[in-house]
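The structure appears below as structure tokens.
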Amino acid sequence: MEAFSAYKESVRYELAKKKLDENFLRWLSIPATTQLIHKLIEESGRPLSESQTHPSPIFQNRISTTNSPSISSPKRSSLAPPLSPSASYKLSSTHAVSLPPDGLHITSNPQQPKPEPPVPVRPAIPQFYFPKGKPIDVEKSDADMKAIQQAFIKESLKLHEFVNVVKDVCGLPKVLVNKVFVMVAGEGRDSVTKQMFLKFWKAEFEGKKPIQRLFATLKKPQNNYFERDDFKPLMRILMDTHPGLDFLKATPEFQDRYADTVVERIFYVIDTNDDGKITLRELKRSNLLEIMQSLDEEEDINKIKDYFSYEHFYVLYCKFWEIDTDHDFYIDKEDFSRYDGHTLSRKAIDRIFEQIPRKFKSDIPEKMNYEDFIWFMINEEDKTSIRSLEYWFKVVDIDQNCIITAYEMEYFYEEQLHRLEYLNQEAVPFKDVLCQMADMIKPKVENQFKIEDFKAQKQISGVFFNCLLNLNKFVNYEQRDPFTIKHEQTENPNFTDWDRYALAEYVRLAMEEENAESSEVLDEVWDSDHEDAS
């Protein structure tokens, strides 16, 4: 019972302390408090005159009862002890100084104190604590009202007339016009009046930044995050309206795959927790709003490398289709081993299908679906991102102690060594590889590689994992041409490793497709000529 009482008291103390701190911050952020603090600081730096010696009347009353002359108080000279003759002689013969009467202390040769330089007036600390939310800027509010008046060229607007309101007033991309229209007017209406929009604006959008409006538009009203399903209606609108995706209308079976790919790439980059939810905090750290706005200006969808590039989708889909032999959109471990000509080691594949680096979202056990494959392939082809480095670090970190040791490296390199010998390639001894990787990554502790060491060397850390897990990339690294690598980097300096890979792979796949079509045409011509001759 005593323990429970003590617990209650501690809880009350914490709650009271929290409330006290909150009230103190509120008081401290009030402009009047700031002015009072500055005034006290200025007064503390000024010289004190006799009238300022005791600022409080309490002190003045006390000093008047003790030091001021009165009838009942004895003289100061009668209370002082007599001086010795030698001391009196010395005083009278040298300085001739006598004690002041009535206890007043008067110094000889009084000097006026030098005036202190004026203390500069500091600007008032702006209020930073707003319990009920930051107040709306009056100038910004007036500008928004003016923009609304200009956007509503008539009292009510149809859906196609509502575009300027969403773009110019709300600062959102065109693809969200339908969603905002329904949020303002409700389901079933075909127009929005100015009063309806003003009511919605005051309640939902006023005083918010465009990124906050984007978040409020995408998510469901009851959630403080948005999920993959929240993006699906937007992707349908994008494919119906963007000129760079008109050709997809003839192949509806690929529209869903393109939409799934775009959504998965968005969550790959922004959903840092990989929990299927994107919060406002995560959205603010991303470039999603800027990329979605660029869709309104750029007609070539392939020039938008982030998330929406059709060429990137084409590469991801074709690579998955190549290894999915039964085309059921699920791949098992044997299918997966065929990726890029059996380039991954068997030990790496086992770790991936044990779901050590990432749990599969597939609904079939021990199989990877298309969405899982997207995450794997971007991690594999671009090992310069934080997400990719964490993925492959978990693959090699066998005991999951957040340290890759020489033992774990040798465990994976053994298979690479055997494969090199089988292909009659020059086998590099492990001790040489270990020394080379240590010089490259520069771990703080010798032969103990931590994730922080790889993040500090992001641009070259992929070589470490390729040497242990990927045979083709390891051989290419050993036989690399520095001039070719430098040319690729200078040709497209703003490209990521994934962008460069997707571009090269798309060109290769497109050429194969053209050659296949040419072969079919030649076969048809040959068959027709042979039939005519017979």
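The values are calculated or read from the model by the stated rules, or taken from the named source; none is laboratory data. Model, not experiment: these values are computed from the prediction. Here the Cβ positions follow ideal geometry from the backbone for every residue, glycine too, while neighbour counts run over all protein chains shown. When the accessible area is computed, the model is the full protein with side chains, heavy atoms only, and any ligands, DNA or RNA have been set aside. Shrake-Rupley method; radii C 1.70, N 1.55, O 1.52, S 1.80 Å.
With a cut-off of 14 Å between beta carbons, the residues surrounding LEU28 carry a summed charge of -1, where Lys and Arg count +1 and Asp and Glu -1. Cross-link candidates for LYS18: which aspartates and glutamates have Cα within less than 15 Å, leaving aside residues fewer than 8 places away along the same chain? List returned: GLU9.
Rounded to the nearest Hz, the phi-derived 3J(HN,Hα) couplings of segment 348-359 under the Karplus curve 6.51 cos²θ - 1.76 cosθ + 1.60 (θ = phi - 60°) are 5, 5, 4, 5, 5, 7, 7, 6, 6, x, 7, 6, where x marks glycine and proline. When a 1.4 Å probe is rolled over the protein heavy atoms, the share of accessible surface on segment 445-504 that falls to carbon and sulfur comes to 50 percent. Sorting the segments 193-201, 345-353 by their mean number of nearby beta carbons within 10 angstrom, highest to lowest, gives 345-353, 193-201. Ranked by the mean number of other Cβ atoms within 10 Å of their residues, highest first, the peptides 26-36, 408-418 come out as 408-418, 26-36. Here the extension length gained between HIS487 and ASP300 equals 64.8 nm, from 0.36 nm per residue of separation less the Cα-Cα distance. Taking 7 Å steps out from each Cα toward its Cβ at ASP229 and THR405 produces label points 4.7 nm apart. Placing a label point 7 Å from the Cα of PHE353 along the Cα-to-Cβ direction, the residues of segment 467-506 with a backbone N closer than 20 Å are 469-472.
For segment 132-177, what % of the accessible area comes from carbon and sulfur atoms, probe 1.4 Å? Summing carbon and sulfur atoms, their accessible area is 54 percent of the total for segment 132-177.
So, counting K/R as plus one and D/E as minus one, what does the shell of residues with Cβ under 12 Å around SER294 add up to? Here the count lands on -4. Checking the Cα-Cα distances for LYS158/LYS179; LYS140/LYS220; LYS219/LYS383; LYS383/LYS455; LYS158/LYS284; LYS277/LYS450 against a 20 Å cut-off, the pairs over it are LYS140/LYS220; LYS219/LYS383; LYS158/LYS284; LYS277/LYS450.
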